[in-house]
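Presented below is the structure to which this report refers.
The values are calculated or read from the model by the stated rules, or taken from the named source; none is laboratory data. Predicted model, so just to flag it, every value in this text is computed and none were measured. Heads up, the Cβs are rebuilt from the backbone with ideal geometry, glycines too, and the neighbour counts pull from every protein chain shown. These area figures cover heavy atoms from the full protein model, side chains too; ligands, DNA and RNA do not enter into them. Shrake-Rupley method; radii C 1.70, N 1.55, O 1.52, S 1.80 Å.
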Amino acid sequence: METMYYIGLDVHKKTIDYCVKDGSGRIYAEGSIRATRLELDMWMKTLPRPWTAAMEATIFTAWIYDHLQPHAAAVKVAHPLMLRAIAVAKKKNDRIDAKKIADCLRCDFLPECYMASTEIRERRRTLRYRNLLVRQAVQMKNKIAVLLMEAGVSYNKQKLHKVGYFRELLATNPDIDEGLKPLLRLCRETVVRLGKTESALVRSLERDSLLVERVDG
């Protein structure tokens, strides 16, 4: 029967600390590598097989998870709060390091969290970006209204963001001075640009076969 090796990964923005342990808890190897795909590839060539790895769920986790998964017996992601409750000692300033993650994995104490497939995570990223565009457009529309109110300009709230009304307002309203017009035009141009980008994004999502399948299902 092959000996499984358990790897704890402490992931940071620029580096990844690792600790490799065998089933008895003996440290096989430990160290630090740069957080790049090339460095990971070089590091994996030095590992004993088979191996399984675990890391905390962070903003950096997804790409590392995807890169390691084809080469590992398993790659697991731990829930940060639950992992802290299990792995951290009584000292308040104690930190979760690669050794503790390796031990949680080895002893089957790792509070594993669900990791969606790469395809689903990609769609979620696109949807989050679409939501960002919508929020920014709303902020710009609100900014236009605020600029007009600050200048004491009367306007029709329902028509304000219609192209024809907005142009007419800038061209004919004497309360809008020449210093305010460039700011209003810039805000309007931003709203239009965000709207076009968001619409293009929605069209691409509507054509996405994976999303269509999940919605229809």
Those helices (runs of 4 or more DSSP H) lying entirely in the range 31-113 with at least 2 residues acidic (Asp, Glu) and within 19 Å of the chain's Cα centre (by Cα): none
Quick check, is HIS71 open to solvent by 60 Å² or more (accessible area, probe 1.4 Å) and modelled with pLDDT of 95 or more? yes
Return yes when ARG130 is modelled with pLDDT of 90 or more, assigned to a helix (DSSP H, G or I) and under 21 Å from the mean Cα position of the chain (by Cα) and no when it is not. yes
Considering each residue of the range 103-113, count those that are in contact with a strand residue (DSSP E or B) (Cβ under 8 Å, 6 or more places away or on another chain) and either closer than 15 Å to MET82 by Cα or surrounded by fewer than 21 Cβ atoms within 10 Å (Cβ to Cβ) (or both), and give that number. 7
Please work out if ASN142 is modelled with pLDDT of 95 or more, exposed (fewer than 13 other Cβ atoms within 10 Å of the Cβ) and more than 30 Å from THR52 (Cβ to Cβ). yes
Suppose the filter is touching a His at 6+ places or on another chain (Cβ under 8 Å) and surrounded by 14 or more Cβ atoms within 10 Å (Cβ to Cβ); does ILE176 pass it? no
Take the range 1-30 and flag every residue that is over 22 Å from the mean Cα position of the chain (by Cα), within 19 Å of ASP97 (Cβ to Cβ) and open to solvent by 70 Å² or more (accessible area, probe 1.4 Å). ARG26, TYR28, GLU30
Complete set of residues in the range 114-127 that are open to solvent by 70 Å² or more (accessible area, probe 1.4 Å) and part of a helix (DSSP H, G or I): GLU119, GLU122, ARG124, ARG125, LEU127
Failed condition for ALA73, given (1) in contact (Cβ under 8 Å) with a residue 40 or more places away in the chain; (2) more than 30 Å from LYS45 (Cβ to Cβ); (3) among the small types (Gly, Ala, Ser): (2)
Is there any pair with a first residue in the range 102-129 that is more than 22 Å from VAL202 (Cα to Cα) and a second that is surrounded by fewer than 17 Cβ atoms within 10 Å (Cβ to Cβ) and among the aromatic types (Phe, Trp, Tyr) whose Cβ atoms are under 8 Å apart and which are 6 or more apart or on different chains, and what are they? ASP103/PHE109
Criterion violated by LYS76 - all others in (1) farther than 30 Å from TYR6 by Cα; (2) surrounded by 13 or more Cβ atoms within 10 Å (Cβ to Cβ) satisfied: (1)
